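What follows is a short report on a single structure.
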Amino acid sequence: MQKQLQGVSGKGRLGSGNAGMASHFVDLANRKLKGNGTISFVLPPSAVSGSSWAKVGKRLREHYSDMFVVTIAAAGSFDRSFSADTGMAECLVVASNERSNDQVSFVVLDKQPQSALEGSLIAKEILALTRSGLVDQLEQGKLGGTSIRIGQSHTGTIDNWSLPADDVWPLAGISDVELAQAASRIWMGRLELIGHPESVALQIPISNFGATSTIGPYHLDIRADQQDGSPRDPYRLITPPESQVPTYPMLWAHDAKRERALIVAPDSEGRIKKWAQSQDSGNEKAARIWSTASRLHYAGDLQFNSQSLIVAMTERRCIGGRAWPSVILHNPDHEYAFSLWCNSTLGLLLHWWVSNKTQAGRGTTTVTGIPNIPTLDTRALSDGQHAEADRQFELLKSERFLPFDQIDEDPARAKLDRAILVDVLGLPESLVAEDGPIDLIRRKLAREPQIHGGKQSRVVFTDDGEKSVKREDRS
């Protein structure tokens with residue numbers, strides 16, 4: 001089918017096999033649409049946040065206007081769907097191909113419309129607000145979004161946003177617009193203090209992952225076989241490790257309970273496969289993969305409501321696997337500051353902001369998408385700041401961190417935030433004070449449906465491990 005589509009679509013196609021069939025339907029509509037025409041699609045949220053949809057997003061930005069992206073800020077995947085039978089989160093994209101502006105109106109509904117009548121009333125109110133010029137501009141001020149109201153009932157928010165030329169569209173499905181504003185400002189290196197009406201901003205050096213590091217290989221390039229059973233890639237995966245000191249240790253899959261502290265032990269080991277034709281060729285492939293081994297590993301498939309780490313560090317260099325691709329810093333001396341930042345509240349905020357949030361309580365990215373995630377530019381830190389990061393990491397490495405959906409009640413996360421923001425970066429201590437700006441971000445994040453996914457329990461640490469207890473404050 002992919003070969004047929006490539007032959008029909010030609011070089012200028014927008015559709016991608018990685019994005020799925022929906023992208024090819026958008027491609028078809030784009031080709032057939034006449035002047036001043038309008039497209040309207042129900043698509044997966046990855047259409048406005050996934051790297052595999054980049055060509056579609058670029059075409060919409062450059063050739064369409066009067067765009068609306070409508071999503072639902074609910075906890076369950078079914079509750080975030082516009083279709084009757086998909087059972088997955090979706091977004092509604094409407095746009096005109098008469099190019100007149102570069103603004104997108106992002107609409108986030110609190111829940112699904114319960115009838116065609118309710119949907120029609122919401123649509124009319126959205127159009128009325130848009131034509132009135134009363135919709136807030138996301139880039140301006142510290143506004144909490146324009147309320148969409150049907151009678152006396154609040155049904156959602158609408159915000160306008162001027163998209164950068166190379167940007168993803170991460171506002172989809174976010175309940176609290178102030179979190180979106182904070183994340184977009186941090187991406188530009190400005191930490192604006194939520195809860196301070198006056199214009200107060202602190203400077204933080206920010207770059208994309210790709211500027212300071214490279215990402216390890218795709219997991220199928222590490223261990224996979226051909227259909228006939230012959231080796232395609234160099235390693236066999238052995239889980240758990242058979243050796244107490246594996247020659248080629250691997251951090252392959254997620255296990256939330258063993259990933260509560262900043263340092264994580266390898267869960268697997270690799271053994272070089274036998275190659276019938278040329279063992280030298282297999283050994284060379286194995287050497288290339290081993291050269292990407294690192295102490296840092298990024299959670300590409302992050303379950304916010306069960307996992308505690310975005311970046312895991314291993315004691316020794318380790319091959320990163322399916323759930324934990326390796327991050328190879330250009331300067332290994334920066335790894336402690338990097339780990340502290342990525343696992344901080346602001347590290348979570350940026351990951352959540354740009355990740356694919358199609359599944360409830362989960363924020364995913366890919367090996368090709370990780371280089372585009374904004375992060376602390378560790379190159380801008382002094383030698384003294386990196387030495388302090390090393391010291392703070394040593395103090396925190398035995399702390400147990402709660403899952404991210406409990407970030408508002410996690411004393412370890414509060415300690416880490418203070419360590420990276422105050423002790424390392426030298427920002428004011430008031431930033432991390434009780435009920436201060438970072439505390440407010442933690443509480444807002446914990447209440448985001450995309451973070452908690454409607455989870456009905458909380459993790460409680462005990463002397464010999466952890467237990468799960470029921471919580472009554474979520475529906």
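The values are calculated or read from the model by the stated rules, or taken from the named source; none is laboratory data. Keep in mind that what you see is a predicted model, and the values were worked out from it rather than measured. Here the Cβ positions follow ideal geometry from the backbone for every residue, glycine too, while neighbour counts run over all protein chains shown. Each accessible area value is taken on the protein alone, full model and side chains, heavy atoms only, with ligands, DNA and RNA left out. Shrake-Rupley method; radii C 1.70, N 1.55, O 1.52, S 1.80 Å.
What pairs come out if I take residues in the range 235-257 that are free of Cβ contacts under 8 Å to residues at least 40 places away in the same chain and at negative phi and pair them with residues that are in a loop (DSSP other than H, G, I, E, B) and open to solvent by less than 90 Å² (accessible area, probe 1.4 Å) whose C-beta lies under 6 Å away, six or more apart or interchain?
The qualifying pairs are Arg236/Lys273.
Mind listing just one residue for me: the one in the range 168-187 that is open to solvent by 20 Å² or more (accessible area, probe 1.4 Å) and assigned to a loop (DSSP other than H, G, I, E, B) and, of those, modelled with the highest pLDDT? If you could, list the steps in order and put the result at the bottom.
Taking the range 168-187 as the starting set, the residues that turn out to be open to solvent by 20 Å² or more (accessible area, probe 1.4 Å) are 168, 175-176, 178, 187.
If we keep only those that are assigned to a loop (DSSP other than H, G, I, E, B) as well, we get 168, 175-176.
On the way: Val168: 58, Ser175: 81, Asp176: 85.
Going through the qualifying residues, I end up with Asp176.
Residues in the range 195-216: is at least one at pLDDT below 85 and surrounded by 16 or more Cβ atoms within 10 Å (Cβ to Cβ)?
The first filter runs over the range 195-216 and keeps only residues at pLDDT below 85, leaving 195-201.
Narrowing further to those that are surrounded by 16 or more Cβ atoms within 10 Å (Cβ to Cβ): none.
No, because not a single residue in the range 195-216 is at pLDDT below 85 and surrounded by 16 or more Cβ atoms within 10 Å (Cβ to Cβ).
From the residues in the range 291-302 that are in contact (Cβ under 8 Å) with a residue 60 or more places away in the chain and under 14 Å from the mean Cα position of the chain (by Cα), which one is surrounded by the fewest Cβ atoms within 10 Å (Cβ to Cβ)?
Of everything passing the filter in the range 291-302, Asp301 is surrounded by the fewest Cβ atoms within 10 Å (Cβ to Cβ).
From Leu376, Leu381, Leu396, Leu425, grab the single residue that is open to solvent by less than 40 Å² (accessible area, probe 1.4 Å), modelled with pLDDT of 95 or more and touching a strand residue (DSSP E or B) at 6+ places or on another chain (Cβ under 7 Å). Spell out the reasoning first.
Working: Leu381 fails: touching a strand residue (DSSP E or B) at 6+ places or on another chain (Cβ under 7 Å); Leu396 fails: touching a strand residue (DSSP E or B) at 6+ places or on another chain (Cβ under 7 Å); Leu425 fails: touching a strand residue (DSSP E or B) at 6+ places or on another chain (Cβ under 7 Å).
Of Leu376, Leu381, Leu396, Leu425, the one residue that is open to solvent by less than 40 Å² (accessible area, probe 1.4 Å), modelled with pLDDT of 95 or more and touching a strand residue (DSSP E or B) at 6+ places or on another chain (Cβ under 7 Å) is Leu376.
Looking at (1) among the β-branched types (Val, Ile, Thr); (2) surrounded by 18 or more Cβ atoms within 10 Å (Cβ to Cβ); (3) not in a helix (DSSP H, G or I), which one does Val42 not meet, given that it meets all the others?
(2)
From the list Ile319, Ile310, Ile222, pick out the single residue that is crowded, with 22+ Cβ neighbours inside 10 Å, of a type in the set (A, V, I, L, M, F, W, C), modelled with pLDDT under 90 and under 27 Å from Thr378 (Cβ atoms). Walk me through how you get there before you give the answer.
Working: Ile319 fails: modelled with pLDDT under 90; Ile310 fails: modelled with pLDDT under 90.
Answer to the check: Ile222.
Being assigned to a loop (DSSP other than H, G, I, E, B) and either loosely packed, with under 11 Cβ neighbours inside 10 Å or in contact (Cβ under 8 Å) with a residue 60 or more places away in the chain (or both) is the filter here, so list the residues in the range 441-475 that pass it.
Of all residues in the range 441-475, those assigned to a loop (DSSP other than H, G, I, E, B) come to 447-448, 453-456, 463-464, 471-475.
Across the range 441-475, the qualifying residues are Arg447, Glu448, Gly453, Gly454, Lys455, Asp463, Asp464, Glu472, Asp473, Arg474, Ser475.
Just checking, does the range 71-80 include any residue being farther than 24 Å from Thr146 by Cβ, in contact with an Asp or Glu (Cβ under 9 Å, 6 or more places away or on another chain) and surrounded by fewer than 19 Cβ atoms within 10 Å (Cβ to Cβ)?
no
Go through the range 47-65 and report how many residues are open to solvent by less than 20 Å² (accessible area, probe 1.4 Å) and either assigned to a helix (DSSP H, G or I) or β-branched (Val, Ile, Thr) (or both).
Here the count works out to 6.
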